[in-house]
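Just so you know, all these numbers are worked out from the coordinates, no wet-lab data involved. Because the structure is a prediction, the values reported are computed rather than measured. Please note: Cβ atoms are built from the backbone with ideal geometry, for glycine as well, and neighbour counts cover all protein chains shown.
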Amino acid sequence: KPQTAWTAVEDFLTDTVVQPDEALKRAVQSAVDAGMPPIEVAPNAGKLLKLLVQISGARRVLEIGTLAGFSTIWMAKGLPDDGVLVTCEYLPKHADVARSNLDAAGLGHKVDIRVGAALDSLAALQAEGQEPFDFVFIDADKENNTRYLDWAVRLGRPGTTVVLDNAIWEGAVLDPGMDEVNAPGIIGALELMGNHPQLDATVIQTVGSKGWDGFALAVVR
Ligand code: SAM
C-alpha cells in the first residue's frame, strides 16, 4: 500500500537524517495527550522550515497556526538567540500546550504567541508598527489562505520568504468537490501566488506520513 510505504520511508528518514530531539518528540506527544488533532507538519517538513529560516538569514518569523508548537519549535531553532517568532493561534488550549512545549525546549524567550483569530492578530501587529517579518509560515484555516498571503506581503518586505502548507490536499486542487470547505482556499492561494505581482512562487508535491500533500514557497518581490 503506498501510504504504508510512504510512512515507513518517512520513519527511516526521520531516524536517519532528521533526528528530532526530545523537545520535539514531547511536542507531538503532548498534542496526542491533550486530545488535539495530529495535524502538525511531518518531522522532515519541520526540519525543512528550520533550514529555510537559517538559509534565509531570518531574524523575525511570523507563523499563522501554532497547534502544539511543533513547527514553531523547529523554526525557533533556526533563529539566532535574539531572533523573534510571532505565532498566531485561535484556540487558548492549543496556545497553552504550545507555550509549555516551547518553554520545555528552551526557546520560549524567542516566541510571542498571539491568541485569537489570526486576522485580528495580524491587524494588531500592523497597528503596533512591528518591524517587517523576514519569514512567514501559513498553516491555519485554509478558507483564509488568500487573506493570510496578503498579510504576509503587507507585513513582509522585498525578500521575505513565504511558505504555505497543505498546497495539494490529496489532489483536491483539481477536484474541489472533495473538500468544499478547504479546497477553495487552497486553490485561491495557489492562483494568488501565481498572479500576485509581489510574489514569486513554486509548489512542491510531497508524500509521507501526512498522505499526499505539498507546500508552496514564495519570495516577496
Ligand atoms: N503549524 C502547526 C504545526 O505544524 O505544528 C500546525 C497548525 S494546525 C494545522 C492549524 C492551527 O491553526 C490549529 O491549531 C487551529 O486551532 C489554528 N487555527 C484555525 N483557525 C485559526 C484562525 N482563524 N486563527 C488562528 N489560528 C487558527
The ³J(HN,Hα) series, computed from each phi in the range 144-156 with the Karplus coefficients 6.51, -1.76 and 1.60 at θ = phi - 60°, rounded to the nearest Hz and given as x for glycine or proline, is 9, 3, 5, 5, 5, 5, 4, 5, 4, 5, 5, 8, x
The answer for Ile113, listing residues at least 5 apart or on another chain whose modeled amide H is closer than 5 Å to its amide H, is Thr87
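Going by average Cβ neighbours within 10 Å, how do the peptides 96-104, 169-177 rank, with the highest at the top?
Result, highest mean Cβ count within 10 Å first: 96-104, 169-177.
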From fewest to most C-beta neighbours within 10 Å, the residues Met75, Met36, Met178 line up as Met178, Met36, Met75
Computed for the chain: size of charge dipole around the Cα centre, +1 on C-beta of each Lys and Arg, -1 on C-beta of each Asp and Glu, debye to nearest 20, value 420 debye
Residues meeting the amide H criterion for Val136 (H placed from the backbone, H to H distance under 5 Å, 5 or more places apart or on another chain) are Leu62, Thr161, Val162, Val163
For the pair Gln130 and Asp33, the simple spin-label estimate (label points 7 Å beyond Cα toward Cβ) gives in nm 2.9 nm
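Summing -39500 (n - 2.57) over the DSSP H runs of n ≥ 4 in the chain and dividing by its residue number, what mean residue ellipticity at 222 nm do you reach, to the nearest 500 deg cm²/dmol?
Rounded to the nearest 500, it is -13000 deg cm²/dmol.
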For Leu67, Leu51, ascending order of other Cβ atoms within 10 Å (fewest first) is Leu51, Leu67
quick note, the chain, DSSP beta bridge pairs, % antiparallel (nearest 5) is 45 percent
Lys pairs in the chain with Cα under 17 Å (8 or more apart in sequence, or on separate chains) total 11
Under 18 Å by backbone N from the virtual spin label 7 Å along Cα-to-Cβ at Asp103, the residues of the range 43-74 are 67-70, 72-73
Checked the range 1-89 with the C-alpha gyration tensor, a ≥ b ≥ c its square-rooted eigenvalues, rounded below a/c of 1.5, otherwise prolate if a/b is larger than b/c and oblate if not; verdict oblate
Rounded to one decimal in nm, the spacing of the 7 Å Cα→Cβ label points at Leu91 and Glu180 is 2.4 nm
Here the gain from full extension of Gln198 to Val9, 0.36 nm per residue of separation minus their alpha-carbon distance, amounts to 64.3 nm
Note to self: C-alpha centroids of the range 1-66 and the range 104-150 sit apart, in Å, by 19 Å
If Thr87, Thr202, Thr72 are placed from fewest to most neighbouring beta carbons inside 10 Å, the sequence is Thr202, Thr87, Thr72
Checking rank on 39-50, 8-19, with mean other Cβ inside 10 Å and highest first, the result is 39-50, 8-19
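Arrange the peptides 21-30, 113-122 so that the one whose residues have, on average, the most other Cβ atoms within 10 Å appears first.
113-122, 21-30
Write out the GluC sites (Glu not before Pro) in the range 89-165 meeting two conditions: DSSP loop, and at most 10 other Cβ atoms within 10 Å of their Cβ.
Values: sites: Glu89, Glu128, Glu143; in loops: Glu128.
Taking the range 89-165 and a limit of 10 other Cβ atoms within 10 Å, the loop GluC sites (Glu not before Pro) found are Glu128.
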FRET efficiency (Glu22, Arg59; Cβ distance; R0 30 Å; to 0.05) is 0.70
Which of Lys210, Lys110, Lys93 fluctuates most in a GNM of the chain (C-alpha springs under 10 Å)? That residue is Lys93
